[in-house]
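Below is one structure, written out as structure tokens, with a few remarks after it.
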Amino acid sequence: MQNQKITPTHLIFAAFVCICLWLTLQPIPVADLWWQMKSGEVIIKTGGIPHTEIFSYTADGLPWVNHEWLAGIIFYILHEAGRFTLLYIFKSLMVIASFALVIWSGVKKPGVCPACAGIAALWMVIISGGRLYFDIRPYLFTYILLAATIWILYKAYGEGRMSALWYIVPVSLLWVNTHGGYILVYILQAAFLFSVIADGFIFRGKLSGAGKSLLLILTGLAMLTQKAPVYYIFLLLFVSAGIAAFINRNEETEKTDLKKLLSGAVPPFLASLAAGILNPYGAEIFLYPFTFLGDSFYKRNLIEWIPPDLTGANLGFGVSMGLIIVLTAVFSKKLRTYDVAVIAVFSYLSLTVVRHSVLFAIAMVPVVSVLVTPLLAHFAEKSAKSENGVQAENSETQEKSGEDGHGGDMRRQSKATVLKTAALYGSAVCIAAVFFILFVIPGQYRINYRKLNMERQLFPVAGVEFVKNNQLPGRLYNPYEWGGYLIWRLYPDYKVFMDGRANTVYTEEQYRESLSTMRGDPGWDKILDKYNVNFVFCNKILRETNQHLLPDRLGESGKWALIFEDDIEQIFMRKTPENEKIIQAAEQGRLYVPITPYKLSNAAAQCIAKQDLSQAGEFFRKSLVIDPDYIPALAGLGYIKIQTGNRGEAEIIFRRILEIDPSYPSINFNLGKLYEIDGNPTKAAEYYQKELKVNPGFEPARRSLDQILKGNRL
């Protein structure tokens, strides 16, 4: 067997897989996964699917359309089999498979260079926002099933294999039972069918570009529904692209046999509708997607449901979309009307809801494959002409005259040279992108596999242990983002106030009450009284970042007692005669308190105050046994090393902290002090400046830097 040469195409696909793995293995909160796994566990153990709410007391008994029930079962089984390691492997495979399917669709489109399909996929993955939306949740099933639907539709309408449409039936059946994005399977079927009908029977001959133009212009006009001025730019882009598509229209369209088209497309469509009814809620499931239409309090306050910030965090996505629209205008002849329909549908979806950027990225790969090929071929052709003289020009002439034989061979050889050069250019771009992401962006390539699910960093692990072991009585109040985790850890012993199913189970008024209470708005106490809440979980992280001031309100009221605190959570209990014994036991240290890095580090701090550095070091080391990356313990250990004269070990510890969190306060300052003590003012000043960059208000760093500068020691 001969050794196969590594080509630019291989390099591009290797880069694509690299980027996908890097994105999918980034630590990310899994707030919704927790309740979904509990749902799967309940279904497996009870043998039935709940039709009314069971996890919360605020919505207890209200209808619950759990359209993600099958996803919950799959996640629960994976978690039980291999914990989060297996769940992350599953997530990575789902994302890679989703893009692989649409790459396949792109490669099969006429005239597309395989390398260009890989480039299109890599481009779309990078601008998809995947670091935020490639999380472990039922949305993964929409990614893979959307890709499968697009693959089937391009095979049917692009390759003329209408029988492939029957594959959509099992896709519909799986989709409708795993995620609410199933409505797309019907929208896309209709879009492709009507596009072909429009091409063949409405816009004929010289008017064949009218369908594309109309779709683009209508999408542009839809941008008027957005209020930000930047959307008017997209309005102009879409309208301009529509006009260009009409000017550059094809001279004729393929003849379409309407009877054959309808007989091939309509039965699978009806069968997919029938398959959609095969779910625990029957035809009622089709009403669910329409609950998201129009404005609502949910959509204004749930971050993933707001429009993208096209001038800030989502600038790259916005620029890429604009470039795709421009390329559509330039190369409109190379696109079919259903390609433009895909652009229209997913452009509108992604410009109205930020989390739909991944759907846009997946759907655009076949289209962008078509647009990238002539663009790269244009530059490659110039290169080929400069290297081979007039060979490319002769090939072009022969192509126009339709010569066969030796001339045809030369033409094909020239085209192959152009495409190879294009692939080479593309591979260089892809490799540069991988190098930039993995090695240039500071800290981004370091993946901490112990913290992929970020459980201890973002969820009240210790607080849950405290509640369970002390069997706290009564109802709990929880922040919105912790509801799913508390369902996973505490149900059925406790029910939550609210969780991530805001628009599925709870009323809008209940969601308002949840946010108002977290923020400590006037009337927060009346809401807790209304639901007879006995103890409250508070999120210390959001107190600082989102001004969720409920902990302050509870402390100031005099009616609540703080009975537990850890890194990110506080638990308050209502002061009543029934709770008096529990509150006294908490004050006297007689309740069960989990041993956590936070508790051990606090004990170490008390030892340092008593000048007992040996005991303090022991507490810090025990803390690091539980969490080797617990920064307060590392920082404390570094301080002890300085005090005991081990400055070299202190420097190693501080550098490790910066690897974990480059913006952690005072660490750069400590390194600066070490360099200053060692007689290296230049290096000391460098670290003081770094400290002030991440922590501008840190006066000790400013004073130290000023002293070095005033002393002319640099």
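Would the range 617-624 turn up any residue that is within 31 Å of the chain's Cα centre (by Cα), closer than 22 Å to I595 by Cβ and among the acidic types (D, E)? The answer is no; no qualifying residue exists. Within the range 687-699, the set of residues being outside any helix (DSSP H, G or I) and either touching a residue at least 24 places away in the same chain (Cβ under 8 Å) or surrounded by 13 or more Cβ atoms within 10 Å (Cβ to Cβ) (or both) comprises N695, F698.
Each row is one residue, and each column tells you yes or no for (1) more than 23 Å from E565 (Cβ to Cβ); (2) without any contact (Cβ under 8 Å) to a residue 40 or more places away in the chain; (3) not in a helix (DSSP H, G or I).
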| position | (1), (2), (3) |
| --- | --- |
| S614 | yes, yes, no |
| L634 | no, yes, no |
| E649 | yes, yes, no |
| P665 | no, yes, yes |
| E676 | yes, yes, no |
| A685 | yes, yes, no |
| A701 | yes, yes, no |
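Of the helices (runs of 4 or more DSSP H) that lie entirely inside the range 1-115, not one contains 2 or more residues that are touching a strand residue (DSSP E or B) at 6+ places or on another chain (Cβ under 9 Å) and surrounded by fewer than 20 Cβ atoms within 10 Å (Cβ to Cβ).
For beta carbons closer than 6 Å, sequence separation of 6+ or different chains, a first residue in the range 174-195 that is touching a residue at least 24 places away in the same chain (Cβ under 8 Å) and outside the structural domain of P280 (by TED's automatic domain parsing) and a second that is buried (at least 21 other Cβ atoms within 10 Å of the Cβ) and among the polar types (S, T, N, Q), there are no qualifying pairs.
Would you pick out the residues in the range 188-224 that are among the aromatic types (F, W, Y) and at pLDDT 75 or above? Step through it out loud before you land on a result.
Going residue by residue through the range 188-224, those that are among the aromatic types (F, W, Y) are 192, 194, 201, 203.
Within the range 188-224, F192, F194 qualify.
Taken together, N539, N532, N579 contain a single residue that is under 30 Å from S39 (Cβ atoms), among the polar types (S, T, N, Q), surrounded by fewer than 21 Cβ atoms within 10 Å (Cβ to Cβ) and not assigned by TED's automatic domain parsing to the domain that holds I54, which is N532. With respect to the conditions (1) out of contact with any Phe, Trp or Tyr (no Cβ under 7 Å at 6 or more places or on another chain); (2) more than 26 Å from I152 (Cβ to Cβ); (3) at pLDDT 85 or above, K5 falls short on a single one, namely (3).
From D521, D552, D493, D525, which residue is without any contact (Cβ under 8 Å) to a residue 40 or more places away in the chain, more than 34 Å from the chain's Cα centre (by Cα) and outside the structural domain of S39 (by TED's automatic domain parsing)?
Values: D521 fails: more than 34 Å from the chain's Cα centre (by Cα); D552 fails: more than 34 Å from the chain's Cα centre (by Cα); D493 fails: more than 34 Å from the chain's Cα centre (by Cα).
The conditions single out D525.
Only residues that are surrounded by fewer than 22 Cβ atoms within 10 Å (Cβ to Cβ), touching a Lys or Arg at 6+ places or on another chain (Cβ under 9 Å) and part of a helix (DSSP H, G or I) were counted in the range 468-487, giving 1.
So which of N579, N534 ends up being assigned to a strand (DSSP E or B) and polar (S, T, N, Q)? I'd like the intermediate steps shown before the answer.
Values: N579 fails: assigned to a strand (DSSP E or B).
Result: N534 is the single residue among N579, N534 that is assigned to a strand (DSSP E or B) and polar (S, T, N, Q).
Restricting attention to the range 130-140 and to residues that are out of contact with any Leu (no Cβ under 7 Å at 6 or more places or on another chain) and assigned to a helix (DSSP H, G or I), the residue that is nearest to A361 (Cα to Cα) turns out to be Y133.
Here are some residues: A164, A156. Which one is part of a helix (DSSP H, G or I), in contact (Cβ under 8 Å) with a residue 60 or more places away in the chain and out of contact with any His (no Cβ under 9 Å at 6 or more places or on another chain)? Give the derivation first.
Numbers: A164 fails: in contact (Cβ under 8 Å) with a residue 60 or more places away in the chain.
Within the list A164, A156, the selection yields A156.
Scanning the range 345-369 for residues that are in contact with an Asp or Glu (Cβ under 6 Å, 6 or more places away or on another chain) and buried (at least 24 other Cβ atoms within 10 Å of the Cβ) returns a single hit, V367.
Look at R703 and say whether it is more than 29 Å from Q615 (Cβ to Cβ), at pLDDT 85 or above and surrounded by fewer than 21 Cβ atoms within 10 Å (Cβ to Cβ). Lay out the reasoning, then the answer.
On the way: more than 29 Å from Q615 (Cβ to Cβ): yes; at pLDDT 85 or above: yes; surrounded by fewer than 21 Cβ atoms within 10 Å (Cβ to Cβ): yes.
It is true that R703 is more than 29 Å from Q615 (Cβ to Cβ), at pLDDT 85 or above and surrounded by fewer than 21 Cβ atoms within 10 Å (Cβ to Cβ).
Residue check: is L542 of a type in the set (A, V, I, L, M, F, W, C), modelled with pLDDT under 90 and closer than 22 Å to A502 by Cα? It is true that L542 is of a type in the set (A, V, I, L, M, F, W, C), modelled with pLDDT under 90 and closer than 22 Å to A502 by Cα. So for the range 591-598 (the condition being of a type in the set (F, W, Y), in a strand (DSSP E or B) and either farther than 21 Å from P460 by Cα or in contact (Cβ under 8 Å) with a residue 24 or more places away in the chain (or both)), does at least one residue qualify? Within the range 591-598, none of the residues are of a type in the set (F, W, Y), in a strand (DSSP E or B) and either farther than 21 Å from P460 by Cα or in contact (Cβ under 8 Å) with a residue 24 or more places away in the chain (or both). Taking the listed residues Y139, Y76, Y143, the one that is more than 15 Å from V17 (Cα to Cα), of a type in the set (S, T, Y) and touching an Asp or Glu at 6+ places or on another chain (Cβ under 6 Å) is Y76, with no other qualifying.
Out of curiosity, is I631 of a type in the set (V, I, T) and under 31 Å from the mean Cα position of the chain (by Cα)?
Numbers: of a type in the set (V, I, T): yes; under 31 Å from the mean Cα position of the chain (by Cα): yes.
For I631, the condition - of a type in the set (V, I, T) and under 31 Å from the mean Cα position of the chain (by Cα) - is met.
The set of residues in the range 488-527 that are closer than 28 Å to N469 by Cβ, assigned to a helix (DSSP H, G or I) and among the hydroxyl-bearing types (S, T, Y) comprises S514, T517. Within the range 74-110, being of a type in the set (G, A, S) and under 19 Å from F360 (Cα atoms) holds for S92, A97, S98, A100, S105, G106. For the range 685-699, a tally of residues being within 22 Å of I652 (Cα to Cα) and at pLDDT below 85 returns 2.
Just checking, which of F84, F134, F141, F99 is under 30 Å from L315 (Cβ atoms), of a type in the set (F, W, Y) and at pLDDT below 90? Selected residue: F134, the only one of F84, F134, F141, F99 that is under 30 Å from L315 (Cβ atoms), of a type in the set (F, W, Y) and at pLDDT below 90. Among the conditions (1) touching an Asp or Glu at 6+ places or on another chain (Cβ under 9 Å); (2) within 18 Å of N478 (Cα to Cα); (3) at pLDDT 90 or above, the only one that A31 does not satisfy is (3).
Condition check ((1) modelled with pLDDT of 90 or more; (2) over 19 Å from A222 (Cα atoms); (3) not in a helix (DSSP H, G or I)) across all residues:
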site	(1), (2), (3)
G318	no, no, no
I324	yes, no, no
T328	yes, no, no
K333	no, yes, no
D339	yes, no, no
A344	yes, no, no
Y348	yes, no, no
R355	no, no, no
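Just one of the listed residues (I144, I126, I152, I136) is over 28 Å from T373 (Cα atoms) and either in contact with a helix residue (DSSP H, G or I) (Cβ under 8 Å, 6 or more places away or on another chain) or among the acidic types (D, E) (or both), and it is I136.
Of all residues in the range 75-107, exactly one satisfies the criterion of being out of contact with any helix residue (DSSP H, G or I) (no Cβ under 7 Å at 6 or more places or on another chain) and closer than 15 Å to S369 by Cβ, namely A100.
The values are calculated or read from the model by the stated rules, or taken from the named source; none is laboratory data. Since this is a predicted model, take the numbers as computed values, not measurements. For neighbour counting, all protein chains shown are included, and Cβ atoms are generated from backbone atoms with ideal geometry for every residue, glycine included.
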